[in-house]
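Following: one structure in structure tokens, then a few remarks.
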Amino acid sequence: MDDKPVSATGPAGDTGGGLDRRAELSEFLRTRRARLKPEDVGLPDFGRHRRVPGLRREELAQLAGVSVAYYTRLEQGNGRNVSAEVLDSIARALRLSDAEHAHLTHLAKPKQHKKKPTARTEHVRPALRHLLESIDGVPAYVTGRRSDILAWNAMAAAVFGDWSELPAQERNWARLVFLRPDYRELFVEWEQKASDMVSYLRMDAGCHPDDPRLSALVGELSVKSEEFRRLWATHDVKEKSFGVKRIRHPLVGELTLNFESFRLSDGTEQSLVTYHAEPGSEAAQGLRLLASWGADATRAGRPAPSV
């Protein structure tokens, strides 16, 4: 059977009405299949004559317990009437992570959302803003859809720069990471930060493929950043949860900080993100110094003016 991938609309090709869900489903399945080798799943490898990377469609269908024709239709972007049980079987065969499994489900069986404006301005609840202001010594901020930065406390400004000096549309993590040289310097492992940001945007795109603002953001970044184009083409997805980031601060040097991301349960799709240092560490001392310097630390760590 012909195993050539179907064509998919590029991210920069549609900036008006959202991303092509069928093309997204097709490319996601193809890239997940391509990363598996026969020996990874207990199949014999007659590899000298293999024309495609990874598993063939026939092999994946066999592992998932579905017909080749059925799986081919799905990989061509036709997820109509596919059952949750079949998606579960395909997810197991592809060895998808929980985030990847959820992404597959969003693409194949999109939820029917009531018509509402997707470009509306997001607002942070006053009580949540008060919580941010009350958190002493811990950088914290709230993010919304499309990696937008919606609110932050003084310590976040001291560590990451004073986002209040940026236009509202520039307060977006993806824009900062890919389009601002100072943020490339800020993160010691910039490549990992960049990969994470694209994975988060991919999850958002799976949930909201009809969001024109997200499509426009992806299109702009694809045009302006070769690194973004490369990472977007991998179709990797990830939910932000917790981890470690190393920050290169102009005043206190390198800070190794643990971050935690808390998804709010109020239906806003916003998250509260906090950074903290291990007690007694050099990073903890660095955060104390930044807190004691107050606005002076914020001015020293602020982003350069937008160009």
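Rounded to whole numbers, the Karplus 3J(HN,Hα) couplings from phi for the range 128-140 are 5, 5, 5, 4, 4, 5, 7, 7, 8, x, 10, x, 8 Hz, using 6.51 cos²θ - 1.76 cosθ + 1.60 with θ = phi - 60°, and x at Gly and Pro.
Taking θ as phi - 60° and the Karplus parameters 6.51, -1.76 and 1.60, the scalar couplings of the range 75-90 work out to 5, 7, x, 9, x, 4, 6, 5, 8, 4, 5, 5, 4, 4, 5, 5 Hz in sequence order, x denoting glycine and proline. Site pair Arg80 and Leu289 shows an inter-label distance of 6.4 nm when each label is modelled 7 Å from Cα along Cα→Cβ. Normalised by the number of residues in the range 126-301, the mean separation of alpha-carbon contacts (under 8 Å, six or more apart) gives a relative contact order of 27 percent. Between the range 137-157 and the range 55-89, the C-alpha centres lie 41 angstrom from each other. Restricting attention to the range 126-301, close to 100% of DSSP beta bridges with both partner residues there are antiparallel. Proximity of backbone amide H atoms, modeled 1.01 Å from N, is registered between Gly77 and Ser26 at under 5 Å, excluding neighbours fewer than 5 places apart on the same chain.
Mind running the shape call on the range 135-191? Use the C-alpha gyration tensor, a ≥ b ≥ c as the square roots of the eigenvalues: rounded below 1.5 for a/c, prolate if a/b tops b/c, oblate otherwise. Oblate is the answer for the range 135-191, as a/c is 1.5 or above yet b/c matches or exceeds a/b. Gain on full extension, evaluated as 0.36 nm per residue between Thr121 and Val188 minus their Cα-Cα distance, stands at 20.9 nm.
Readers should treat all values here as calculations from the given coordinates under stated rules, not as data from a laboratory. Remember, it's a predicted structure, so these values are computed and weren't measured experimentally. All Cβ positions, even for glycine, are placed from backbone atoms using ideal geometry, and neighbour counts span all protein chains on display.
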